[in-house]
Structures are given as C-alpha cells and as structure tokens.
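Encoded as structure tokens, the structure appears first; notes follow it.
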Amino acid sequence: MHAIARSKKSLKPFVLLSIIAAIVTIVMKMLAWRLTGSVGLLSDALESFVNLVGAMMALAMITLAERPADDSHPFGHGKAEYFSSGFEGLLIFIAALSIGFSAVDRLLHPRDLEIVGFALMVSAGASMVNYFTARTLLNVGRREHSITLEADAHHLMTDVWTSVGVIAGVALAWWSGWTWLDPVIALAVAINILRTGWHLLQRTAEGMMDASLPSDQLADIHTALKNISMDGVSCHNLKTRMGGSIVFITLDVMVPGNWSVQQGHDCCESIEAHLQKMLPHTHVTTHLEPSDQ
C-alpha cells in the first residue's frame, strides 16, 4: 500500500527573493570595495556573487524538483535539490580560493585604505538585507523540508557573520593603520566559508546516497508506531530516506492471520495517515503480512 505525500506550495518565490537580495548586496558591497580598495570587503563582495549564482541554480533545480511524478520518475524529481546544494558547496570552495589568493597578494603588496566610514555603512546595509533574507529562507526551508532553501539560508547567514567580522576588522585596520590586518581578515573569511562549503557537500552526499533520517527522527517514528499499534498488530523492518524535500518510509505491518483484507487495509491506512500527520510531505509504503504465518 502507498500513501502519497501531500502537495506542497511552490518554493520558487522564496528563491526569487534570494536572487533579488544577492543582486542588491552585490551592488552595495562592490561599491564599498571600490570606495576603500579593501581586500576584506572584496572578499565579502565575491561571496555575494556566489550567492547569486547559487540562487539561480537553486531556482532551476526547485523548478525541476516541483514537477509531478511521471512514468519515468515515479517517485518524483525531489532529488534535483541535491544538485543545487552540491553546486553551491563547490561554488563556496571556489570563492574561498579566490579570496585566499587576493589576500596573499595584498599581504605581499600592502596599500592604504580610503573613504572607509561611508563604505562600511554601505556594507552594513547589505548585511542587513542578507540577514532578513536568510531568516525567511531558513524558516520556510525547515517548514517545507527543502535542503535547497536551507543551504541557501545557511550560506547567507554565514555571509552575514562574515560581513560583521570584515566590517569590524577593516574599521580596526583603518583606525590603527595596520594595513596587514585587512588581508588577514580576508584569509579568515576564506577559512570560514570553506567550512560552510564542506558541510553542504556532506549533506548533499548523504541525500544522494539515500541516508536514513536522523536518529532523533527515527526514534520518534519508532515511538509513534508503538503507540498506535493495537493488539496483534506490530510494525517491523522500518526503512527511511530523503528524496529532496520528500521523506520516504517503508515498513512491514503484521496483523492477525484471521483478519479480513478490509481490516488489514484499514489498519495500514491508519498507520500511514498517522505518519504523514507526524512528518508532512511523506511517502509511506506498507507491506501487509499475517503475524501467525
């Protein structure tokens, strides 16, 4: 028996929000870099370019993932979201290397910073745009179980904290006259976003390899199955996996051998409905077996 996941609302408007935010912050951060010549602010601007390309990839993959199941893809197209998160992880690695090279070059060829005060205000404004966008995407991503939106949100939030560090560091370098501090900050930014990229690639690999749900969710499912089991009914051989934003669950339902087909069918439907209420956007498959076989 199968219980199909409930339909989801489109996530594309939220990805479009991310694209608009990326364009706005690129303009603001590039202006801040041009005004100061700071390699730290340049690193911050480069990360926003990664945000834009990643968001555009996310839009393409979410459009594909939202296509309904068909004969060629009976379980839907949800795994397309993993291509987006993996692509964004790779982009983060490339951005980190670019920032690192720029920082080393600036260490070898230092230069004074210019027009810092106004530029830092512009950069701070760009960070606020990223912060509110990241909070929106993270809330929707968690609610809709979308790894694409969560990946985009975590990347944007990393960008926010990166910007805070860059702004503080550039301000200190300008105030103290320690020009070497600017490229050192850029190197710290590169290391930080490398960590984010690695985390995204790990989650992508787990999803593509059909890893089971986290242990806490598995424990909740086992507890729920025990609570809804009745006399003579038990559930075994539970298997789970994620397919993008869809949770796939399979299990065997053991019922008394003297039950009618209708009784067994009703029992499986009850279990499936309970699991779907507990975990929205879930595809449940049950296999009915007699317990006295």
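The values are calculated or read from the model by the stated rules, or taken from the named source; none is laboratory data. Since this is a predicted model, take the numbers as computed values, not measurements. Quick reminder, even Gly has a Cβ in these numbers, built from the backbone with ideal geometry, and neighbours come from all protein chains shown. These area figures cover heavy atoms from the full protein model, side chains too; ligands, DNA and RNA do not enter into them. Shrake-Rupley method; radii C 1.70, N 1.55, O 1.52, S 1.80 Å.
Taking the Cα centre of the chain as origin, sum charge times position over the Cβ atoms of Lys and Arg (+1) and Asp and Glu (-1), and report the length of that vector in debye to the nearest 20.
Dipole magnitude for the chain comes out near 740 debye.
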Per-residue SASA entry for Cys235, accessible area with 1.4 Å probe, Å² rounded to 10: 30 Å²
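Rounded to the nearest 500, what is the 222 nm mean residue ellipticity of the chain from helices alone, with -39500 (n - 2.57) per DSSP H run of 4+ residues and division by all residues? Write down the numbers at each step before the final one.
Numbers: 8 runs with 200 residues, N = 293.
So the helix-based figure for the chain works out to -24000 deg cm²/dmol.
Under a 1.4 angstrom probe, counting protein chains only, how are Trp174, Trp33 ranked by accessible area, largest first? Present the calculation step by step, with values, prior to reporting the outcome.
Working: Trp174 140, Trp33 60 Å².
Heavy-atom accessible area, descending, gives Trp174, Trp33.
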Heavy atoms of His265 accessible to a 1.4 Å probe, total area in Å² rounded to 10: 70 Å²
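Would you work out the relative contact order for the chain, in percent, from Cα pairs under 8 angstrom that are 6 or more residues apart? If you can, show how the numbers build up before the last one.
Values: 473 pairs, mean separation 69.7, N = 293.
Rounded, it is 24 percent for the chain.
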Using alpha-carbon coordinates, inclination of helix 261-278 to the longest axis of the chain, degrees: 20 degrees
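Ordering Ile94, Ile249 from largest to smallest accessible area (1.4 angstrom probe), what's the sequence? Can you show the working numbers first?
Details: Ile94 105, Ile249 0 Å².
In descending accessible area the options line up as Ile94, Ile249.
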Dipole of the chain [Lys/Arg +1, Asp/Glu -1 at C-beta], most positive-end residue of Met121, Asn237, Ser72: Met121
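Let me spell out the model: positive unit charges on the Cβ of Lys and Arg, negative unit charges on the Cβ of Asp and Glu, origin at the Cα centre of the range 85-233. What dipole size does that give, in debye rounded to 20? Spell out each step's value before the answer.
Working: 8 positive and 14 negative charges, 45 e Å.
That gives a dipole near 220 debye.
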Helix 181-208 axis, angle to the chain major axis (alpha carbon atoms, nearest 10°): 20 degrees
Lys29, Lys226, Lys12, ranked by accessible area, largest first (probe 1.4 Å): Lys226, Lys12, Lys29
GNM result for the chain, Cα springs below 10 Å: residue of Ser85, Ser127, Ser270 fluctuating most strongly: Ser270
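Hey, what's the Cα Rg ratio for the range 128-168 versus the globular rule of thumb, 2.2 N^0.38 Å?
Values: Rg = 10.6 Å, N = 41, 2.2 N^0.38 = 9.0 Å.
This ratio for the range 128-168 stands at 1.18.
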With all protein chains modelled, accessible area of Leu172 [1.4 Å, Å²]: 70 Å²
Crossing angle, helix 80-108 versus the chain [Cα axis fit, 0-90 degrees, rounded to tens]: 20 degrees
